[in-house]
Amino acid sequence: MTGEITLRGRVGPVGGIKEKVLGAHRAGITKVILPWSNRKDVEHDVPKEVKVAMQFAYVRTVEEALEAAFGKGTLGWREKEVVMESRL
């Protein structure tokens, strides 16, 4: 996975997506987890033959990233908590 995570658990966009995806492809990695905000970078910059050979998971939160990496329900030890955000 590549990305930046806020203290609230949101995944932010990053640069250099084409280079990161091509590097992962050369290394034999078939699944890449990327920030949701970078999906257009993959659509426009990554060659079609690389996109076909790889699986992309686009995430908005760190929880989605963990599920994409380890599978849904794998981290069941952590119960859902209601998170209240400050609007200050």
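Every number here is computed from the coordinates shown, using simple stated rules; none is lab data. This one's a predicted model, so the numbers in the text were calculated from it and none came from an experiment. Glycine gets a Cβ as well: all are built from the backbone with ideal geometry, and neighbour counts include every protein chain shown.
The table below gives the values:
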{"quantity": "Net charge contributed by nearby residues that have their C-beta within less than 11 Å of Thr61 (K/R +1, D/E -1)", "calculated": "0"}
{"quantity": "Alpha carbon Rg of the stretch 4-70, scaled by the compact-globule rule 2.2 N^0.38 Å", "calculated": "1.08"}
{"quantity": "Amide H within-cut-off set for Ile33, under 5 Å, with H built and near neighbours excluded", "calculated": "Thr2, Ala57"}
